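To keep things clear, I will list the structure first and then write my remarks on it.
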């Protein structure tokens, strides 16, 4: 029987709810909730690959690394290795929780995490213009201090505070995609492209090397979804639906839009916040353009209802 | 041949710690070229590795930053190092294979092991991990976290955790699925993330360590591998077996191995685990075991200089 394959990209809010809930126990609880929703999806017959964010987690790894370097002279962890670290830890929490959910719900399904590199173009313009927020939120004075003293690029993030920004090149190739495809074809649930994948570039001789950048997890999930022949891309985020004119008086929630409409709204440039909803819409557009059937944007608690067509924002070919 | 390769964790970091992550990458690239030779010779590999130095760094960082960033439990440290070491290994080996026009994929799977009894009789059943502390701090840690703090002469107080035996690899299906399709799988780093089974059957991480030697034999069983290869620093092998490695492959049979284990109290813990795990396995199934330094790995089985452990007096033909 051919499988119904879906890729779900889960947002940072599925892992770290807010600043008061960052500890590993809190993360584990948040992951547990999200896993219940994913399990639901699997019960509806989907074979699922899971991509996830790692912004706060990379921030924690970096912070530990910086402090330990300052006080104990322990070597620092480069950003690509930070990404690999968080793929391991977050993947572990997800796969353990899913194992438990499958057991509880009598689902005969295996789950595994694949450490995943994503190749980007070394000439990508993003390297000239860092845009991707990472790490914990800071107030303005701390942000400016970091900028001065440590050369960080910093930016105000959708009214929620200040964050460090690093380059965010476009993903070109999911290096481990063939293996992910094999596992998916064997009916397994696969956790992959964590944090958008570990960013690598090919050097002059074609060898892959890690770089200091962050890849948008929704873009990477979209690319993966296309590559493994998924029918559906689900982007799980903080809102139940996408809105036009978000946060303004004429705000309008969208139930469904065609590829053409989505492209139009996206091109108008005023509807979706950059670095927040805009890349999610873009990821959906690329997925549908690449042959995907349906893309859905919703929040974790509404995933099941959204799959049933009751809520979420659906983006379809026509 | 189907081979399980188990690499000592200290071979994957640089002896010169001032080289930091670049030193680690160099060490890993060297091992990867040897692994590449084995793939090139037509062997099927599954690779596991130690993570003691890597977890050590992580615990040091966690401790140094404890007042600012939440610390990491031991299972998460293990998952982190599986991600990071796996990433570097898979990148380095894949690069080597690409350069030699071998189209085999390499990937890392995050791996949990269900733990059971303490390490077998005669093997160390506890292990010191992480930084050394002054007495006062050690007492506070014991009080606040329930840690077992042990005085290590000349060094200070260190946290000790149980060293447990792995019973089952939870991701064995995924590992087998890819291994049987000819891919090189890196898995169960650090012996696997230790988990235990609760009453209802669900799993939870454990604050313990697992020695990779036992996990290597479990992998051997799961994959019906023909040999287990331990890769260890040359001095560690020479010191343990008290012989010159310049004269080819040395055979040790079961009774010689028994004698070595019981009559040499000064064997390093990591080697003792290897020897005891090997003895217990040889008793059961006669699977070949090699212990070789990194530069001999690529020449296995016929041309390498190292140690071969055999079930009986008659050497098993490779």
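Looking at A:204, A:177, just one residue is within 24 Å of residue A:294 (Cα to Cα) and within 14 Å of chain B (Cβ to nearest Cβ), and that residue is A:177.
Taking residue B:226, is it closer than 30 Å to residue B:42 by Cα, surrounded by 15 or more Cβ atoms within 10 Å (Cβ to Cβ) and out of contact with any helix residue (DSSP H, G or I) (no Cβ under 8 Å at 6 or more places or on another chain)?
In short, yes.
Confirm whether residue A:65 is under 26 Å from residue B:89 (Cα atoms) and either more than 16 Å from the chain's Cα centre (by Cα) or at pLDDT 90 or above (or both). Yes, satisfied. Every test in (1) within 14 Å of chain B (Cβ to nearest Cβ); (2) crowded, with 24+ Cβ neighbours inside 10 Å; (3) assigned to a loop (DSSP other than H, G, I, E, B) is passed by residue A:195 save one, and that test is (3).
Could you please let me know if residue B:98 is surrounded by fewer than 20 Cβ atoms within 10 Å (Cβ to Cβ), within 10 Å of chain A (Cβ to nearest Cβ) and touching a strand residue (DSSP E or B) at 6+ places or on another chain (Cβ under 9 Å)? Yes.
Consider the stretch B:178-191 and keep the residues that are touching a strand residue (DSSP E or B) at 6+ places or on another chain (Cβ under 9 Å) and within 7 Å of another protein chain (Cβ to nearest Cβ). The one that is surrounded by the fewest Cβ atoms within 10 Å (Cβ to Cβ) is B:183. Taken together, A:133, A:167 contain a single residue that is within 28 Å of residue A:246 (Cβ to Cβ), surrounded by 24 or more Cβ atoms within 10 Å (Cβ to Cβ) and more than 14 Å from chain B (Cβ to nearest Cβ), which is A:133.
Taken over the stretch B:26-62, residues that are crowded, with 22+ Cβ neighbours inside 10 Å, facing another protein chain (nearest Cβ under 9 Å) and touching a strand residue (DSSP E or B) at 6+ places or on another chain (Cβ under 9 Å) amount to 2. Against the definition (outside any loop (DSSP other than H, G, I, E, B) and in contact with a strand residue (DSSP E or B) (Cβ under 9 Å, 6 or more places away or on another chain)), how does residue A:215 come out, yes or no? The answer is no for residue A:215. The set of residues in the stretch A:260-298 being more than 26 Å from residue A:166 (Cα to Cα) and surrounded by 16 or more Cβ atoms within 10 Å (Cβ to Cβ) consists of A:262, A:263, A:265, A:288, A:292, A:294, A:295, A:296, A:298. Checking each residue in the stretch A:1-35 for being within 13 Å of chain B (Cβ to nearest Cβ), part of a helix (DSSP H, G or I) and surrounded by 16 or more Cβ atoms within 10 Å (Cβ to Cβ) picks out A:24, A:26, A:27, A:28, A:31, A:32, A:35.
State whether one or more residues within the stretch B:231-238 are touching a helix residue (DSSP H, G or I) at 6+ places or on another chain (Cβ under 7 Å), away from chain A (no Cβ under 14 Å), in a strand (DSSP E or B) and within 18 Å of residue B:51 (Cα to Cα). Checking the stretch B:231-238: at least one residue is touching a helix residue (DSSP H, G or I) at 6+ places or on another chain (Cβ under 7 Å), away from chain A (no Cβ under 14 Å), in a strand (DSSP E or B) and within 18 Å of residue B:51 (Cα to Cα).
Residues checked against (1) modelled with pLDDT under 95; (2) under 26 Å from residue B:222 (Cα atoms):
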{"site": "B:26", "(1), (2)": "yes, no"}
{"site": "B:31", "(1), (2)": "no, yes"}
{"site": "B:34", "(1), (2)": "no, yes"}
{"site": "B:56", "(1), (2)": "yes, no"}
{"site": "B:64", "(1), (2)": "yes, no"}
{"site": "B:73", "(1), (2)": "yes, no"}
{"site": "B:84", "(1), (2)": "no, yes"}
{"site": "B:98", "(1), (2)": "no, no"}
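Among the numbered conditions (1) over 27 Å from residue A:182 (Cα atoms); (2) touching a helix residue (DSSP H, G or I) at 6+ places or on another chain (Cβ under 9 Å); (3) surrounded by 15 or more Cβ atoms within 10 Å (Cβ to Cβ), the only one that residue A:238 does not meet is (3).
On the basis of being part of a helix (DSSP H, G or I), away from chain B (no Cβ under 13 Å), within 19 Å of the chain's Cα centre (by Cα) and surrounded by 17 or more Cβ atoms within 10 Å (Cβ to Cβ), does residue A:38 make the cut?
Yes: the conditions hold for residue A:38.
The single condition among (1) under 16 Å from the mean Cα position of the chain (by Cα); (2) surrounded by fewer than 24 Cβ atoms within 10 Å (Cβ to Cβ); (3) modelled with pLDDT of 90 or more that residue A:91 does not meet is (2). In the stretch B:1-25, what residues are within 13 Å of another protein chain (Cβ to nearest Cβ) and free of Cβ contacts under 8 Å to residues at least 60 places away in the same chain? Scanning the stretch B:1-25 gives B:13, B:14, B:16, B:17, B:18, B:19, B:20, B:21, B:22, B:23.
With respect to the stated conditions, residue B:194 is within 16 Å of the chain's Cα centre (by Cα) and either surrounded by 15 or more Cβ atoms within 10 Å (Cβ to Cβ) or touching a residue at least 60 places away in the same chain (Cβ under 8 Å) (or both). The set of residues in the stretch A:207-230 that are surrounded by fewer than 16 Cβ atoms within 10 Å (Cβ to Cβ) and more than 14 Å from chain B (Cβ to nearest Cβ) contains only A:229. Residues of the stretch B:113-157 that are out of contact with any helix residue (DSSP H, G or I) (no Cβ under 8 Å at 6 or more places or on another chain), within 15 Å of residue B:208 (Cα to Cα) and free of Cβ contacts under 8 Å to residues at least 24 places away in the same chain: B:145, B:146. Scanning the stretch A:115-130 for residues that are assigned to a strand (DSSP E or B) and surrounded by fewer than 16 Cβ atoms within 10 Å (Cβ to Cβ) returns no hits.
The set of residues in the stretch B:63-89 being closer than 19 Å to residue B:20 by Cα and either more than 9 Å from chain A (Cβ to nearest Cβ) or in contact (Cβ under 8 Å) with a residue 12 or more places away in the chain (or both) consists of B:63, B:77, B:80, B:81, B:82, B:83, B:84, B:85, B:86, B:87, B:88, B:89.
If you go through the stretch A:110-122 and keep only what is more than 7 Å from chain B (Cβ to nearest Cβ) and over 20 Å from residue B:193 (Cα atoms), you end up with A:118, A:119, A:120, A:121, A:122. Within the bounds of the stretch B:121-134, is there any residue that is farther than 23 Å from residue B:157 by Cα and either within 7 Å of another protein chain (Cβ to nearest Cβ) or surrounded by fewer than 21 Cβ atoms within 10 Å (Cβ to Cβ) (or both)? Within the stretch B:121-134 (the criterion being farther than 23 Å from residue B:157 by Cα and either within 7 Å of another protein chain (Cβ to nearest Cβ) or surrounded by fewer than 21 Cβ atoms within 10 Å (Cβ to Cβ) (or both)), the answer is yes, since at least one residue qualifies. When the stretch A:60-78 is filtered for residues that are assigned to a helix (DSSP H, G or I), more than 7 Å from every other protein chain (Cβ to nearest Cβ) and surrounded by fewer than 23 Cβ atoms within 10 Å (Cβ to Cβ), the ones remaining, listed by number, are A:62, A:66, A:69, A:70.
Against the numbered list (1) at the interface with chain B (Cβ under 10 Å from one of its Cβ atoms); (2) surrounded by fewer than 22 Cβ atoms within 10 Å (Cβ to Cβ); (3) within 17 Å of residue A:81 (Cα to Cα), residue A:185 comes up short only at (3). Of all residues in the stretch A:140-178, those that are closer than 23 Å to residue A:199 by Cβ, part of a helix (DSSP H, G or I) and at pLDDT 90 or above total 2.
The values are calculated or read from the model by the stated rules, or taken from the named source; none is laboratory data. Model, not experiment: these values are computed from the prediction. Counting neighbours? That spans all protein chains shown, and the Cβs are built from the backbone with ideal geometry, glycine included.
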